[in-house]
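Sharing a structure with you now.
The values are calculated or read from the model by the stated rules, or taken from the named source; none is laboratory data. Quick caveat, the model's predicted, so the values are computed rather than measured. Using ideal geometry, Cβ is built from the backbone for each residue, glycine included, and neighbour counts are taken over all protein chains shown. Ligands, DNA and RNA are excluded from the accessible area calculation, which covers all protein heavy atoms including side chains. Shrake-Rupley method; radii C 1.70, N 1.55, O 1.52, S 1.80 Å.
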Amino acid sequence: MRTVAKIWFDGLDLLGDPQAVLESIGCGADVAKIDDAPVLNVLHVWVTLDVTDERLSKLLALLQEHGAQWRDLRGDRFTEEEIEAAPLLNMWFNVTDTVFGGPRMGTTYDMSKACERCGVGARQTSAMIIDGEDLHKLEGQRVAATPYNDILVDEKLAAVLVESSVTGISFRGVFAAFEKRGHIQLPWRQLCATHTMPPMSPRSTAILPGDLCSCRRSGFDTPWEVPIRLVYRTSDLTGIRDVNVTWEWFGDTHYEGDVGDALFAYPRFLVTPKVRRIFLDAGVTGFHWLPIHVVDE
Ligand SMILES: [Zn+2]
């Protein structure tokens, strides 16, 4: 594992050709991505460097010298061997590619055991209903996700998961809702997890109880400046399946008793490398896979 820093700044702050300025500290096109032209008077520049790379401190000094503002995003990178050896991988989808679905589209939930304040524990009781307007986003895809981390797979991939004896899964139907034409069933399935992990170890990083709900399951801040590390104890891995979800739910919440107007947080999916291989073999590329960390406690 290595940790990288992704530094974002406005290239116009460098008062000169950003490419030349960056090259003066050894940051060429292999590490620096500079937009072709400013957008709304901002020239977006991203520089990705290993945190041990001496050019990182040079870059930050340079930005400070120019009075530039920057963002410093940290993340871990793993080798293929490390990913394959991990007991579980956090899988998540590119947020920008999601299809809208969930409570506000008419998907129903049993709230009898959910937190009254934040809605964590909402148990889905119907098929997943997505917005018919987003249907085109499924074209040519085999996997999709809603902004609430509901994972959708095409029915052939659902069959492969079953044939491969992937454990801890169940499926729900997926319908598209149209304003005038009602609901149409799609050749897709929602992938659901049957097993919820125990709470993470407090040694996890970038999961801060910023606005923790009294149920302790939502209201986490996930700052970008610290690499996110999901840490579990060895004993937490007893009973894991190929597909699991976290006890903690992430994201904003809004729940005042009306599911149709609710914004639910969502758990993260933790899956075995076996599931990743099946997805990769199916040509699925839209996911990130982040190994969990295991400690003896
Ligand atoms: Zn709560």
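Assign unit charges at the C-beta atoms only (+1 for Lys and Arg, -1 for Asp and Glu), then state the dipole size of region 85-152 relative to its Cα centre in Debye, rounded to the nearest 20. Write out the running numbers ahead of the final one.
On the way: 6 positive and 8 negative charges, 55 e Å.
Magnitude of the dipole: close to 260 debye.
Using alpha carbon centroids, what distance separates region 19-39 and region 145-205, in Å?
Using only Cα atoms, the two centres lie 41 Å from each other.
Using the heavy atoms of the protein chains alone and a 1.4 angstrom probe, what is the accessible area of region 2-77 per residue in square angstrom?
Numbers: 4310 Å² over 76 residues.
Heavy-atom accessible area per residue stands at 57 Å².
Applying a 10 Å radius around every beta-carbon, put 169-176, 283-290 in order of their mean neighbour count, most first.
169-176, 283-290
Related question: First compute the accessible area of the chain with a 1.4 Å probe, then give the percent of it belonging to carbon and sulfur atoms.
Carbon and sulfur: 50 percent of the exposed surface of the chain.
Normalized C-alpha radius of gyration of the chain, against 2.2 N^0.38 Å?
Expressed relative to 2.2 N^0.38 Å, the Cα Rg reads 1.12.
To the nearest 20 debye, what charge dipole does the chain have about its Cα centre, counting +1 at the Cβ of each Lys and Arg and -1 at the Cβ of each Asp and Glu?
Dipole size: approximately 1000 debye.
Among Val166, Val245, Val42, determine the one that fluctuates most according to a GNM of the chain built with springs between C-alpha atoms less than 10 Å apart.
Val42
Moving on to the next point. Using Cα pairs under 8 angstrom and six or more residues apart, how large is the relative contact order of the chain, in percent?
Details: 615 pairs, mean separation 60.3, N = 297.
That works out to 20 percent.
Round to the nearest 10 and give me the degree value, 0 to 90, for the angle of helix 54-65's Cα axis relative to the longest principal axis of the chain.
Helix 54-65 sits at roughly 80 degrees to that axis.
Further, regarding this structure: Once R0 is set to 30 Å, what does the formula 1/(1 + (r/R0)^6) return for the Cβ-Cβ distance between Glu163 and Thr238, expressed as a FRET efficiency to the nearest 0.05?
Calculated transfer efficiency: 0.65.
Starting with the highest mean, order 268-277, 71-80 by the number of other Cβ atoms within 10 Å, averaged over the residues of each peptide.
Final packing ranking: 268-277, 71-80.
Another question, if that's okay. Could you state the principal axis extents of the C-alpha atoms in region 2-77, from the largest down, to the nearest angstrom?
34, 22, 21
Using a probe radius of 1.4 Å on heavy atoms only, what accessible surface per residue do you get for region 81-295? Whole Å² is fine.
Ligands and nucleic acids excluded, the result is 48 Å² per residue.
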